[in-house]
Amino acid sequence: MSKPDEDDDCYTSIEDVDFFSEIHGRTFNIQNPTYLLPSDNDEIKRYTLFHRLIKFVLNGRIYTGPFKETLQFGMYRKVLDIGTGNGEWAIELADELLYVYVTGVDTAPIQYRFEIWDANVANMPYKDAYFDVIHARAIHTGIHNYPAFLSEIARMIRPGGLVLLIEPGMTQYAQDKPESEFTSATGPVGWFKLWETYRYCLSSAGIDPSIPEHLHCLLEATNQFEDIEYSEITIPIGFYPQNRRSLTIGELQWMAYDLLLPALRPMFLNCGLNKSRTDELIKNATVDLYHGNTIFELSSRLYIVNAKRKNI
Ligand SMILES: C[S@@+](CC[C@H](N)C(=O)[O-])C[C@H]1O[C@@H](n2cnc3c(N)ncnc32)[C@H](O)[C@@H]1O
């Protein structure tokens, strides 16, 4: 894993910084005020469940599109994983493709082998056209200007290189219909109310919760990418799918959401909700998650986009 030049003014030694602080009973990375979820062991368990889920969705792979082809030639083939978390994706890729040099960056030193940068800064410390591939997965809730983030990605990828973006959607579904098609008297009300509040808190903090659904349009709008491939995948939540693969995905998503619900508590409190309203929202959503997943056939959507950096 590479390390920036330590003489560089922008480089911060992890010994110099207090990264973590306790907020409402959970540990947060206080270096990135944009990212409103904890950085602690329960969150790392959630990242691991999500990583496994993605592997089931992608039939055992951790990438899509012409990923290996893009890394076929060259002396030093370089991949950047932005918002690497505990680095499972980056480590697994480095184990699979031994000829590739993988760099993981995150604002939190969850995994000490990686580099620490906030992807919200205008210029990340990598040269223009430095990477062959850039991967950014489940990070949009920590990015306050996603179009600017995509421009920065475009700057760092070489012409002909690949970007791979994966984001879970923020709209929930029951019986394959989105929240908007239900009234407050029908459907899993507690579940939907929690997600509405989650989106409201993100918007209040300047994060656009609709980014996942618009990834392909946003990439197109940069005018820097071509061969954009896009997929929207239904992810069941819970134990109702009949087919074994879908059932496994449903179980993994259920477990990941079971961990997400309490992780949202500090965000809701910081967003101005009082304690009893916050606890009630989480309790009602938990009841729907536990007892309503089968009745309502809960599901969410996963958005995957890969595109080639134009040769300009
Ligand atoms: C939900 S986790 C996903 C981890 C990993 N990408 C995965 O898919 O398993 C989001 C990660 O993005 C990191 N993150 C959020 N905002 C960031 C930012 N602005 N710059 C760098 N990392 C960020 C968080 O610290 C966290 O580790």
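The values are calculated or read from the model by the stated rules, or taken from the named source; none is laboratory data. These numbers come from a predicted model, not from an experiment. FYI the Cβ positions are ideal-geometry reconstructions off the backbone, even for glycines, and counts take in every protein chain you see. For accessibility, only protein heavy atoms count, side chains too; no ligands or nucleic acids. Shrake-Rupley method; radii C 1.70, N 1.55, O 1.52, S 1.80 Å.
Starting from the Cα gyration tensor of the chain, take the square roots of the eigenvalues, sort them a ≥ b ≥ c, and report rounded, prolate or oblate (rounded when a/c is under 1.5, otherwise prolate if a/b is larger than b/c, else oblate). Taking the square roots of the gyration eigenvalues as a ≥ b ≥ c, the chain is prolate. Each DSSP beta bridge with both residues in the chain is either parallel or antiparallel, and the antiparallel ones are about 60%.
Percent of accessible area on the chain owned by carbon and sulfur, 1.4 Å probe?
Details: 7180 of 14250 Å².
Roughly 50 percent of what the probe reaches on the chain is carbon or sulfur.
Once you reduce the range 196-218 and the range 27-57 to the center of their Cα atoms, the two points are 17 Å from each other. Here's the picture: charge each Lys and Arg Cβ at +1 and each Asp and Glu Cβ at -1 in the chain, and of F268, L49, L247 the one pushed furthest to the positive end of that dipole is L247.
Legend: residues E220, E297, E213, sorted from most to least accessible area (1.4 Å probe; ligands, DNA and RNA excluded), read E220, E297, E213.
For a protection proxy built on the mean count of beta-carbon atoms within 10 angstrom, sort 174-180, 191-197 highest first, please.
Final packing ranking: 191-197, 174-180.
Relative contact order of the range 18-309: 23 percent, from C-alpha pairs under 8 Å at least 6 residues apart in sequence.
Accessible surface computed residue by residue for the range 18-309, with neighbouring protein chains in place and a 1.4 Å probe, gives 43 Å² per residue.
Around the Cα centre of the range 96-208, unit charges on the Cβ atoms of Lys, Arg, Asp and Glu (plus for the first two, minus for the last two) sum to a dipole of about 100 debye.
Residue-wise HN-Hα couplings along the range 260-276, as the Karplus relation 6.51 cos²θ - 1.76 cosθ + 1.60 with θ = phi - 60° gives them from phi, are 5, 3, x, 5, 7, 4, x, 4, 5, 5, 5, 7, x, 6, 7, 4, 5 Hz; Gly and Pro carry x. GNM on the chain, C-alpha springs below 10 Å: top fluctuator among F73, F182, F28? Most flexible of the set in this elastic network: F73.
Comparing T84, T107, T186 in a Gaussian network model of the chain, where Cα atoms under 10 Å apart are tied by springs, the biggest mean-square fluctuation is seen for T186.
Going by a ≥ b ≥ c, the root eigenvalues of the Cα gyration tensor, does the range 23-160 fall in the rounded group (a/c under 1.5), the prolate group (a/b larger than b/c) or the oblate group? Note, shape of the range 23-160 comes out oblate.
Here is how the number arises for the chain: DSSP H runs of 4 or more residues each give -39500 (n - 2.57), the sum is divided by the residue count, and the result at 222 nm is -11000 deg cm²/dmol. Largest GNM mean-square fluctuation among A263, A122, A108, using the chain with Cα springs under 10 Å: A122. Is the C-alpha gyration tensor of the range 270-312 telling us rounded, prolate or oblate? Criteria: a/c under 1.5 is rounded; beyond that, a/b larger than b/c is prolate, otherwise oblate. Note, shape of the range 270-312 comes out oblate.
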